[in-house]
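A short write-up of the structure that comes next.
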Number of protein chains: 2
Amino acid sequence: MYICPMYSSELLKGTLKTIVLNLLKDNGRMYGYEITQRVKDLTGEKIQITEGALYPTLHALESQGELQTEEVFIGKRVRKYYTLTEKGQSTAKEKVNELVDFMNTMKFLLDLEPRTGNG
Amino acid sequence: MYICPMYSSELLKGTLKTIVLNLLKDNGRMYGYEITQRVKDLTGEKIQITEGALYPTLHALESQGELQTEEVFIGKRVRKYYTLTEKGQSTAKEKVNELVDFMNTMKFLLDLEPRTGNG
DNA sequence: CAAATATACATAAGAATTTTAGGTATACAA
DNA sequence: TTGTATACCTAAAATTCTTATGTATATTTG
């Protein structure tokens, strides 16, 4: 039984930074691959962040001073852990508030009844 | 007193078709400029659809058979009214369902408490 | 132990969508 | 008559993501 189609990918656009910042806010520190798997697991595979989108985003957030990195060796492999900077913490809150506000606005816009008798 | 900043435009990405289809579903028929003004009014200027984004989207939806047009002269000016085709009506419902589902998934993803004691 | 899969990083070409910036023209208000 | 609103349109550039590819180590499976 096939249940969970992914969303048509357009919807995800613009939410990636918010997702990343918020996951790091809740989880302290995470590495890239872990983020992709966590999002996949938590959403029942409905949202799948591709590495081609994630890694450039992580690099951008780092260069903007939102994230800082810490490299840890796991055997012979390097794993790059990301944590929020102070700036990143406030940005995370702003982004989440903005997204919640946006979603409420969208619901209002979409749930509207046909306007009869008031316009 | 300045209250209502627009959303950082990234969030809007991917929602334009859904907004257009749903407005037409609720309002029967509308023309392009009307859509921009309606969205602006209904959202307190938080969401502003630019004409550069809207018109190409309307043309695309029409060429995909989601919309049909009707030209009406207002004085010397042509006004292009858009209405949903049958295909457009079912697409509108699908798109709205998809967006609502997506927003619920996002809220779940963002409202998560730090996971302590279960991993 | 060989092969396949999973982990883990990364970049780059191309696609899709939007912004920004223009263009045209009529209608109306100051 | 000058500015603003209405009403359509297009195109270059920017943004963001997908798809495809590359590299390498670790683990599982036959």
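The values are calculated or read from the model by the stated rules, or taken from the named source; none is laboratory data. Source: prediction; values computed, not measured. Because the Cβ atoms are built from the backbone with ideal geometry, glycine has one as well, and the counts that use them run over all protein chains shown. Accessible surface areas use protein heavy atoms only, side chains included; no ligands, DNA or RNA. Shrake-Rupley method; radii C 1.70, N 1.55, O 1.52, S 1.80 Å.
Per the helix-only calculation at 222 nm, which mean residue ellipticity applies to chain B, given -39500 (n - 2.57) for every DSSP H run of n ≥ 4 and division by its residues, nearest 500 deg cm²/dmol?
Helix contribution divided over all residues of chain B: -17000 deg cm²/dmol.
With every protein chain left in place, what is the accessible area of B:SER63 in Å² (1.4 Å probe, nearest 10)?
Looks like 100 Å² after rounding.
Place +1 on the Cβ of every Lys and Arg and -1 on the Cβ of every Asp and Glu in region B:12-109, take the dipole about the Cα centre, and give the residue among B:ASN22, B:VAL78, B:PRO56 whose Cα lies farthest towards its positive end.
After comparing all options, I get B:VAL78.
Treat every Asp and Glu Cβ in region B:17-59 as -1 and every Lys and Arg Cβ as +1, leave all other atoms uncharged, and give the resulting dipole magnitude about the Cα centre to the nearest 20 debye.
Dipole size: approximately 140 debye.
Rounding to the nearest 10 and keeping the result within 0 to 90°, find how far the Cα-based axis of helix A:86-111 lies from the longest principal axis of chain A.
So the inclination is approximately 20 degrees.
Does any residue of region B:26-58 lose at least 40 Å² of accessible area with all protein chains in place compared with its chain alone, and if so which ones (probe 1.4 Å)?
Buried by 40 Å² or more upon assembly, which counts only protein chains, are B:ASP26, B:LEU42.
Taking a label point 7 Å out from Cα toward Cβ, give me the nm distances from B:GLU51 to the same spot in the other copies, shortest first, one decimal.
With the label placed 7 Å along Cα→Cβ, B:GLU51 yields 4.6 nm.
In peptide A:89-95, what is the residue-averaged number of other protein chain Cβ atoms found within 10 Å of each Cβ?
1
Pairs on different chains or at least eight residues apart, Cα atoms closer than 20 Å: how many lysine pairs in chain B fit?
For chain B, the number of qualifying lysine pairs is 20.
Leaving out ligands, DNA and RNA, what percent of the accessible area of the protein assembly as shown is carbon and sulfur, probe 1.4 Å?
50 percent
Hey, got the dipole for chain A? About the Cα centre, +1 on K and R Cβ, -1 on D and E Cβ, debye to the nearest 20?
Here chain A has a charge dipole of around 260 debye.
How do B:GLU45, B:GLU66 rank by accessible surface area computed with a 1.4 Å probe, from largest to smallest?
B:GLU45, B:GLU66
When each copy gets a label point 7 Å from Cα toward the beta-carbon at A:ASN27, what are the spacings between them in nm, shortest first?
Here the equivalent label points are 4.2 nm apart from this one.
If the convex hull of the alpha-carbon atoms of chain A is projected onto planes in all directions, what is the mean projected area in square nanometres?
Quarter of the Cα hull surface area: 11.1 nm².
Ignoring the sites themselves, what is the longest stretch of chain B with no trypsin sites (Lys or Arg not before Pro) in a DSSP loop and at most 15 other beta-carbon atoms within 10 Å?
B:14-75
Inside 10 Å of the C-beta atoms of B:96-109, what's the mean count of C-beta atoms belonging to other chains?
Per residue, the average neighbour count from other chains is 6.
Radius of gyration and Dmax for the protein assembly as shown's Cα atoms, expressed in Å?
Reported Rg and Dmax, both Å: 20.9, 77.
Any idea what the relative contact order of chain B is, in percent, if you count C-alpha pairs under 8 Å spaced at least 6 apart?
27 percent.
List the accessible area buried at the contact between B and A, summed over both sides and calculated with a 1.4 Å probe, in Å² to the nearest 100.
3800 Å²
At 20 °C and 1.002 mPa s, what whole-number value in µm²/s does Stokes-Einstein give for the translational diffusion of region B:63-108, with Rh from the Kirkwood sum over Cα pairs?
168 µm²/s
Just to verify a number: what accessible area does B:ASP101 come out at with the full protein assembly present, 1.4 Å probe, Å² rounded to tens?
60 Å²
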